[in-house]
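Student: Submitted below is the structure of interest, expressed as structure tokens.
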Amino acid sequence: MFVHVGNSRLELVQGDITAQAIDAIVNAANARLAGGGGVDGAIHRAAGPDLLSETGRLYPQGCATGSAVATTAGRLTAKHVFHAVGPVWRGGGVGEPELLAGVHRCCLRLALEHDCCGIAFPAISTGVYGYPKDLAAETALGATRAFLRTTPAPLLVRFVLFDSGTFGAFARVLESLLD
Ligand code: APR
């Protein structure tokens, strides 16, 4: 499923982000950039141990929630990994939507700075961090669409959703944005 936004393409696929042939892959990391389970564990396993050592060397202070930092991608076919720290869901009243939107904008800016043609996002914050999938989809796709509307450089933005429930949530939101 895809739409065109400005000069860019925004698409949804169901699958494993580590298998994507695309310039940049976004990792749903924690603020210590310490590795973890979920998509973080999958990316580090696929990239190999150099990814964690590079991350620790370049960013010993970690990364603030709502922001992202870039490394190379080890054994992945991607060129870059953007380690993005989404918010923990605490009910929605402590700035979670702004932080989630901010982390998507930050990754999109990193993609342009690194001359990427394409970037793949997982559903940041919707696993261990507990963000409701439908609300995360609204914020992630809304922020991405707003960014692409004002970006002249053509970019492929692919959301790689791991399971059918997450894919369905994102697909419903993308359809509603088209109305
Ligand atoms: N490809 C794409 N998506 C995946 C993959 C994969 N290989 N593996 C898991 N996912 C999905 C999950 O199903 C979920 O929808 O990624 C989404 C985000 O889930 P988490 O990985 O749990 O990320 P998040 O909720 O942002 O929590 C981050 O979890 O692993 C730790 O170190 C990480 O502390 C951090 C926290």
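The values are calculated or read from the model by the stated rules, or taken from the named source; none is laboratory data. On a predicted model such as this, the values are computed, not experimentally measured, just so you know. Neighbour counts run over all protein chains shown; Cβ positions are idealised from the backbone, glycine included. Only protein heavy atoms, including side chains, enter the accessible area calculation; ligands, DNA and RNA are left aside. Shrake-Rupley method; radii C 1.70, N 1.55, O 1.52, S 1.80 Å.
Student: Would a scan of segment 86-108 turn up a residue that is in contact (Cβ under 8 Å) with a residue 40 or more places away in the chain and in contact with a His (Cβ under 7 Å, 6 or more places away or on another chain)?
Tutor: no
Student: Of the residues in segment 27-42, how many are over 14 Å from C107 (Cβ atoms), more than 7 Å from the ligand (Cβ to nearest atom) and either open to solvent by 50 Å² or more (accessible area, probe 1.4 Å) or within 14 Å of the chain's Cα centre (by Cα) (or both)?
Tutor: 1
Student: Another one. What pairs can you find where one residue is in segment 150-166 and outside any helix (DSSP H, G or I), the other is away from the ligand (no atom under 11 Å from the Cβ) and open to solvent by less than 10 Å² (accessible area, probe 1.4 Å), and their Cβ atoms are less than 6 Å apart, with a gap of 6+ or different chains?
Tutor: Once the first residue is outside any helix (DSSP H, G or I) and sits in segment 150-166, its partners that are away from the ligand (no atom under 11 Å from the Cβ) and open to solvent by less than 10 Å² (accessible area, probe 1.4 Å) give P154/S8; L155/S8; L156/G118; V157/L10; V157/I119; V157/T144; F159/L12.
Student: Can you tell me which residue is farthest from V81 (Cα to Cα) among those in segment 14-25 that are in contact with a Phe, Trp or Tyr (Cβ under 9 Å, 6 or more places away or on another chain) and near the ligand (Cβ under 10 Å from one of its atoms)? Walk me through how you get there before you give the answer.
Tutor: At the first step, the residues of segment 14-25 found to be in contact with a Phe, Trp or Tyr (Cβ under 9 Å, 6 or more places away or on another chain) are 14-17, 24-25.
Subset that is near the ligand (Cβ under 10 Å from one of its atoms): 14-17, 25.
On the way: Q14: 19, G15: 17, D16: 15, I17: 11, I25: 5 Å.
Here the answer is Q14.
Student: Specify the residue that is surrounded by the most Cβ atoms within 10 Å (Cβ to Cβ); the eligible residues are those in segment 155-172 that are of a type outside the set (A, V, I, L, M, F, W, C) and within 9 Å of the ligand (Cβ to nearest atom).
Tutor: As a first pass, look at segment 155-172 and keep what is of a type outside the set (A, V, I, L, M, F, W, C): 158, 163-166, 168, 172.
Filter again for within 9 Å of the ligand (Cβ to nearest atom), leaving 163, 165-166.
Details: D163: 12, G165: 11, T166: 22.
Checking each candidate, the answer is T166.
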